[in-house]
Amino acid sequence: MKSKETGDDKFACLVCNLNLSGLTGTRIILWLVAITIVSFIIGFGILAISGGLPTSSENKTSPFRNTAMFTPVTTTFPLEDATTGSIGITMGAGELSLRGGAPDDAIMEATVFSKAPEWQPDYLQSQNGTTKTVTMTDTGHKGKELFAVHSPNSWEVLINNLIPVDLEVAVGAGDSTLDLGSLNLGMLSVHNGAGETRIDLTGYRGNVFSGEINSGVGDLTIIVEKNSNTRITVHQGVGDIGNNGFTPNEDTYTTPGYNSALPVNQIIVEQGVGDITLEAV
């Protein structure tokens with residue numbers, strides 16, 4: 001009995017030591033990163049086996065794009081008599097490209113590349129007074145349910161340049177390229193679970209706006225006008241911050257000539273794992 005108890009005590013002590021010494025913050029983060037990488041490898045393996053990954057050289061830049069097999073469908077949403085807009089875009093998995101350039105009489109124009117008509121997103125539009133609201137959501141994936149069960153697709157979205165727009169973008173897994181310099185923003189909200197995100201505000205001449213950028217795993221790039229009055233506050237988990245043209249002060253970065261007494265474009269960044277690049281050009 002005594003030897004058994006001694007063995008049990010040693011085992012319990014070993015478990016205790018593992019629990020106490022193994023669950024450090026660094027190891028937890030490394031485990032999460034490892035799990036994420038393995039999940040992507042498994043997912044891409046499934047796509048490769050099923051023929052979902054691109055084989056041609058022109059489509060090797062992103063694992064989410066395979067437009068050669070997709071059929072484009074373009075949908076235009078009329079502006080009617082609206083003078084302001086609210087646009088919400090929710091994509092489960094794929095590649096999103098968004099920029100200005102919609103027709104003057106349209107609040108938004110969306111071109112979707114997907115393998116089957118039934119995989120087209122759901123659209124909703126409504127108008128309250130002079131505000132036009134349009135939402136674009138992956139089929140069967142509304143609200144916070146971001147990860148799609150279908151093969152990844154590609155969305156190309158054009159937004160009206162003339163009216164102030166509140167813009168909210170959520171991507172579960174994929175690459176997002178948002179060229180917003182020609183838009184007139186009231187509010188900007190971007191959420192990306194996993195993948196690269198590029199937000200380019202070069203040439204922005206619209207109203208002062210507030211922005212919130214949340215990136216889980218992946219690199220993030222934000223480009224703004226150096227002559228704009230912009231302040232970016234960064235809260236980052238694991239990764240490096242590259243700074244070109246901003247004035248840093250702890251976790252805050254401001255454009256040259258920043259003046260807190262003037263209207264400010266305030267952007268708050270929450271980053272989990274990945275590098276951040278800030279450019280004032």
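The values are calculated or read from the model by the stated rules, or taken from the named source; none is laboratory data. Predicted, not measured: the structure shown is a model, and the values here were computed from it. Here the Cβ is made from the backbone with ideal geometry for all residues, glycine too, and neighbour counts use every protein chain on show.
Of the residues G206, G272, which is under 26 Å from T137 (Cβ atoms), free of Cβ contacts under 8 Å to residues at least 60 places away in the same chain and in a loop (DSSP other than H, G, I, E, B)? It would help to see each step written out before you state the result.
On the way: G272 fails: in a loop (DSSP other than H, G, I, E, B).
Exactly one residue qualifies, and that residue is G206.
Which residue pairs have Cβ atoms under 6 Å apart, sit 6 or more places apart or on different chains, and have a first residue in the stretch 171-183 that is over 19 Å from I107 (Cα atoms) and assigned to a strand (DSSP E or B) and a second that is hydrophobic (A, V, I, L, M, F, W, C) and modelled with pLDDT of 95 or more?
V171/L96; A173/A194; S176/L96
For the stretch 231-247, indicate whether the set of residues that are assigned to a strand (DSSP E or B) and of a type in the set (S, T, Y) is non-empty.
Yes: the stretch 231-247 contains one or more residues that are assigned to a strand (DSSP E or B) and of a type in the set (S, T, Y).
Filter the stretch 208-222 down to residues that are of a type in the set (V, I, T) and crowded, with 21+ Cβ neighbours inside 10 Å and give me whichever is nearest to M187 (Cα to Cα). Working first, answer last.
At the first step, the residues of the stretch 208-222 found to be of a type in the set (V, I, T) are 208, 213, 217, 221-222.
Then drop every residue that is not crowded, with 21+ Cβ neighbours inside 10 Å, which leaves 213, 217, 222.
Numbers: I213: 11, V217: 23, I222: 16 Å.
Filtering first and then ranking leaves I213.
List pairs: first residue in the stretch 115-136 and assigned by TED's automatic domain parsing to the domain that holds I159 and among the basic types (K, R), second residue exposed (fewer than 11 other Cβ atoms within 10 Å of the Cβ) and not in a helix (DSSP H, G or I) anywhere in the structure, Cβ distance under 9 angstrom, at least six positions apart or on different chains.
Close Cβ pairs satisfying both conditions: K132/D81; K132/S126.
Picking from T197, T252, which residue would you name as being in contact with a strand residue (DSSP E or B) (Cβ under 8 Å, 6 or more places away or on another chain), of a type in the set (V, I, T) and surrounded by fewer than 18 Cβ atoms within 10 Å (Cβ to Cβ)?
Working: T197 fails: surrounded by fewer than 18 Cβ atoms within 10 Å (Cβ to Cβ).
Answer to the check: T252.
Which condition from (1) at pLDDT 95 or above; (2) within 20 Å of L158 (Cα to Cα) is the one that G206 breaks?
(1)
Suppose the filter is aliphatic (A, V, I, L, M) and touching a residue at least 40 places away in the same chain (Cβ under 8 Å); does A280 pass it?
Values: aliphatic (A, V, I, L, M): yes; touching a residue at least 40 places away in the same chain (Cβ under 8 Å): yes.
Considered against the rule, which asks whether it is aliphatic (A, V, I, L, M) and touching a residue at least 40 places away in the same chain (Cβ under 8 Å), A280 comes out as yes.
Can I267 be described as closer than 21 Å to I159 by Cα, of a type in the set (A, V, I, L, M) and either not assigned by TED's automatic domain parsing to the domain that holds G172 or not in a loop (DSSP other than H, G, I, E, B) (or both)? Working first, answer last.
Details: closer than 21 Å to I159 by Cα: yes; of a type in the set (A, V, I, L, M): yes; either not assigned by TED's automatic domain parsing to the domain that holds G172 or not in a loop (DSSP other than H, G, I, E, B) (or both): yes.
Yes: the conditions hold for I267.
Name every residue in the stretch 148-170 that is within 10 Å of G100 (Cβ to Cβ) and not in a strand (DSSP E or B), in order of residue number.
Correct list: N160, N161, L162.
Quick one: which of T202, T252 is assigned by TED's automatic domain parsing to the domain that holds M91 and under 23 Å from P164 (Cβ atoms)? Before you say what the answer is, go through the steps one by one.
Numbers: T252 fails: under 23 Å from P164 (Cβ atoms).
Criteria check complete, one pass: T202.
Every residue in the stretch 109-141 that is assigned to a strand (DSSP E or B) and modelled with pLDDT under 85, please. Walk me through how you get there before you give the answer.
Quick first cut of the stretch 109-141, residues assigned to a strand (DSSP E or B) only: 109-114, 122-128, 131-137.
Result: S114, single match.
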